[in-house]
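The values are calculated or read from the model by the stated rules, or taken from the named source; none is laboratory data. The structure presented is a predicted model; accordingly, all values stated were derived computationally and were not measured. In this analysis, Cβ positions are derived from the backbone assuming ideal geometry, glycine residues included, and neighbour counts consider all displayed protein chains. Heads up: the accessible areas ignore ligands, DNA and RNA and are worked out on the full protein's heavy atoms, side chains in. Shrake-Rupley method; radii C 1.70, N 1.55, O 1.52, S 1.80 Å.
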Amino acid sequence: MAATPVAVLDMDQVRGHFPALNGKQVYMNNAGGSQTLKTVAERVGEYLLNTNPQLTATGYAAGYAAAAKYVGATSEEIGVCPSPFPPPSICLRDTLVFVSHRQPIHPVLGSSTTQLFRNVSYAFSFQPGDELVVSSFDHESNIGPWVALAERQSLVLKWWQPVASGSASPKLLASDLRDLLSAKTRLVTCTHASNILGSIHDIKAIVQTVRNGPSSCSLVCVDGVAYAPHRQIDVKDLGVDLYAFSWYKVYGPHIAMLYASPLAQTKLQSLGHFFFNVKEQKLPLEQKLGLAGSSSELVHAIPAVLDYLGVSDNTKESSKWAGIVAQESQLQETLLSYLTGLGDDVIVWGERSADPSLRVATISFTVKGQNSQELVKTLQKKTDFVLSWGDFYSARLVNQFLGLDADGVVRVSMVHYNTIDEVKRLIKALDTILSEFKQNKPRL
C-alpha cells in the first residue's frame, strides 16, 4: 500500500497573505497574537467605510446590507428575520465550520477568551458545597473566573495537578482526574494545549473520564487559545461542553468565540436585558452571554480566515490543515533538535519530542545561570527576531510546577508561515549569544 503523500504548503503563497511578513522582523512570538491576513484587514475596512449603519435599523437597503455582512446571510434573508435583529450565532454560518464540521452549533462572540470565560462564570448558579475541579496548568483566563465563582457561591475548589511533580514536562492526565471527581462535581476545566509547554492534552480521554464519573451533570470547559492556530477543532468530536479561543491568535481580528453544548446552555442564566428572559432556556447563547461584545466589523472579517484556511466549504480536500501540521512539525523538530542537543545547560520545558500529536510549535526553554529577559533582549537588540520571555499569564504553572520566578521562560512560538530558514537563522543567532554569555558571564 502506497504511503500517503505529505501535504506541502506553498510558502510564497502563504506568506503573501500576510503583509507584515514583508518587513525585516521575524515574528516568533505568535502565541501572543499572530500576524493578520490582508483579507481580514480589507474586510474590516470595507465594512466600516461602506456599510456601517445601526444594525437594528433594518427596513432600508443599507441596513439590510450591513446586517447581512454581520451574520453571514443574504440581504433577502435578513429582510424576513424577526425583530429584534438576530445575533450572529443564528446566521453566522461560515464561522461555525471552524469548530464543528459535523453539526451546526451556536457560539457566542466577545472581546476576548478572558472576557467570555468571565461572563460564563457569572451565568452559572450552583449550590453551596458543589465542586469545581480546576486545572492549575492554564492561562489565568481559565482559572481566575472559577476561583472567584467558588468564592461567590461557597463552592468547593479542587485543584487538578500532575502527579509527577518536579518534571520538566508536566502534563495533565485523565488518570490523575478520577480521584477528584464526585457526585457533587459540576465543572472540570483544563487547557487543550499549554501556552508555555506546547504540550497537547488528550481532551477526548478527559471528557470520557468525566462522563464515566459519579456526576451526570458535570461540564467540561476547555481553553483552546493555544491550540486553535495549529490544529483543526471539532467540538462535537471532542465532546466538550464549553470551548473558547481567540481569532486574533488565528490570523484574524481581535475577537473571541465560545461554544456551549446543549447541556451547558441549560445551566447558564442570561446576563442580558430582562425583556429577553421571558423564555430564557430558548435564548441563543449570544443573547445570554454576548452583552453586545461582538464588534460588527470584526465579525464581518472572520470568514476571511475561513477562506484562507480552506475550511469554509467544509471539505478536507481544500483545507490547509494537513499542510499546516506538516510545516510546523518541521519547524519544531529543527528547533528542538538544536535545543535538546545543548546538554544540561539548557532545559526544554514541555514535550521534548517533535511528534505533532504530542505538541504544537510553541517551545519554551531556560538557560542555566542566565536570565530569560536578558537573553531575549540581547537577541532582539542584535537581530530582527521577535521572541518573548516571562510567564505569559500562566503564573501558577511557571511558579508552582516549573519552579521559576517571574523571569520565566524564553518562548519561541511559531506558526505555519514561519520557515525552516528562519529557524536555522535563529539557531545561529542563539549559538552566538549563548557563546558570548559563557565567555562574559553577565550578572543576573
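Summing Cβ point charges (Lys, Arg +1; Asp, Glu -1) relative to the Cα centre of the stretch 256-382 gives a dipole of roughly 360 debye. Across the options 323, 337, 379, the greatest Cα extent toward the positive end of the charge dipole of the stretch 288-397 (unit charges at beta carbon of Lys, Arg, Asp, Glu) belongs to 379. Under the rule a/c < 1.5 gives rounded, and otherwise a/b versus b/c splits prolate from oblate, where does the stretch 110-155 land using the Cα gyration tensor? Since a/c reaches 1.5 but b/c is at least a/b, the shape of the stretch 110-155 is classed as oblate.
Hey, any idea what % of the stretch 182-333's accessible area is carbon plus sulfur with a 1.4 Å probe? Intermediate results must be reported in sequence, preceding the final value.
Working: 2720 of 5180 Å².
Of the solvent-accessible surface of the stretch 182-333, carbon and sulfur hold 53 percent.
Peptide packing for 136-143, 150-157 was compared via the average number of neighbouring C-beta atoms within 10 Å per residue; ordered from the highest value, the list is 136-143, 150-157. Taking all C-alpha pairs of the stretch 218-341, those more than 17 Å from each other amount to 68 percent.
Among rounded, prolate and oblate, which fits the stretch 111-224 when a ≥ b ≥ c are the square roots of the eigenvalues of its C-alpha gyration tensor, a/c under 1.5 means rounded, and a/b larger than b/c means prolate? Here the stretch 111-224 falls in the oblate category.
Amide H to amide H, with H built 1.01 Å from N, residue 26 comes under 5 Å of 385, 386, counting only residues 5 or more places away or on other chains. With 19 Å as the limit on Cα-Cα distance, the pairs of 158/236; 368/438; 158/288; 158/249; 24/249; 24/381 that go past it are 158/236; 158/288; 158/249; 24/249. Once a ≥ b ≥ c are taken as the square roots of the eigenvalues of the Cα gyration tensor of the stretch 198-285, is the result rounded (a/c under 1.5), prolate (a/b larger than b/c) or oblate (a/b not larger than b/c)? Because a/c hits 1.5 or more and a/b fails to exceed b/c, the stretch 198-285 counts as oblate. Computed from the C-alpha gyration tensor, the three semi-axes of the ellipsoid equivalent to the stretch 319-444 are 24, 18, 13 Å, from longest to shortest.
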